[in-house]
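Enquirer: What follows is a structure written as structure tokens; I'll ask about it next.
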Amino acid sequence: MMKRGESFDDLRIKLFKFSRELRYAAVLDKNGRIVSGGMRKGVKALEPKEEELRLMAHVVSESIARDTWDTYFGKTIYTIVRRENVILMVFQGKKQLIFITAEPTFGLEKIAIVREMLGQNIQYD
């Protein structure tokens, strides 16, 4: 769990120590800008650098689109997308999104541990 006064970069290091399968962890604002975080050292991005902004915009727009269903299903806590080459996780807070990617071998049971590690970093309503 994130301790008071701990930066997201400190937490990102802990996440990367928790699992070598985690590739990327960043805090995004509601406009898709990276506030903090980034790729694990030595890991190459799967998408070209010029697509990064479009990817972040997509993550945010998908998050906003899910909000329209809150009335019926409740607020989104997190979203998981499993693709052939990567697992994408979006943890939705009140003021920011936490976007994490992992290798396809990352076990779904580990997602609960990641969420617990994020702890107080995500401000819910």
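Enquirer: Return the sequence-ordered ³J(HN,Hα) values of the range 49-64 in whole Hz as given by the Karplus equation 6.51 cos²θ - 1.76 cosθ + 1.60 applied to θ = phi - 60°, using x for Gly and Pro.
Expert: Listing the rounded values in order: 3, 5, 8, 4, 4, 5, 4, 5, 4, 5, 4, 5, 5, 5, 4, 5 Hz.
Enquirer: Report the one residue of 27, 42, 59 whose Cα lies farthest in the direction of the positive end of the charge dipole of the chain (charges on C-beta: Lys and Arg +1, Asp and Glu -1; origin at the Cα centre).
Expert: Result: 42.
Enquirer: Let me ask something else about it. Using the Cα centre of the range 8-121 as the reference point, and only Cβ charges (+1 on K/R, -1 on D/E), how large is the resulting charge dipole? Debye, rounded to the nearest 20.
Expert: Once rounded to the nearest 20, the dipole reads 260 debye.
Enquirer: Moving on. Using a Gaussian network model of the chain with C-alpha springs under 10 Å, which one of 11, 46, 97 is most mobile by mean-square fluctuation?
Expert: The residue with the greatest mean-square fluctuation here is 46.
Enquirer: Can I ask one more? Taking the simple approach of a point 7 Å from Cα along Cα-to-Cβ for both residue 77 and residue 65, what is their distance in nm?
Expert: So the two model labels end up 2.4 nm from each other.
Enquirer: According to the square roots a ≥ b ≥ c of the eigenvalues of the Cα gyration tensor, what is the shape class of the range 8-59, taking rounded for a/c under 1.5, prolate for a/b larger than b/c otherwise, and oblate for the remainder?
Expert: Judged from the Cα gyration tensor, the range 8-59 comes out oblate (a/c at least 1.5, b/c at or above a/b).
Enquirer: Can you give the FRET efficiency to the nearest 0.05 for residue 20 and residue 52, using r as the Cβ-Cβ distance and R₀ = 22 Å?
Expert: E(calc), rounded to 0.05, equals 0.45.
Enquirer: Taking just the C-alpha trace of the chain, give me its Rg and Dmax in Å.
Expert: Reported Rg and Dmax, both Å: 13.9, 43.
Enquirer: Calculated from DSSP H runs of 4 or more alone, at -39500 (n - 2.57) each and per residue, what is the 222 nm mean residue ellipticity of the chain, nearest 500?
Expert: Calculated from helices alone, the mean residue ellipticity at 222 nm is -9500 deg cm²/dmol.
Enquirer: When only C-alpha pairs under 8 Å and at least 6 residues apart count, what is the relative contact order of the chain, in percent?
Expert: With pairs under 8 Å counted, the relative contact order is 30 percent.
Every number here is computed from the coordinates shown, using simple stated rules; none is lab data. No experiment lies behind these values; they were computed from the predicted model shown. We place every Cβ from the backbone using ideal geometry, glycine too, and count neighbours over all the protein chains shown.
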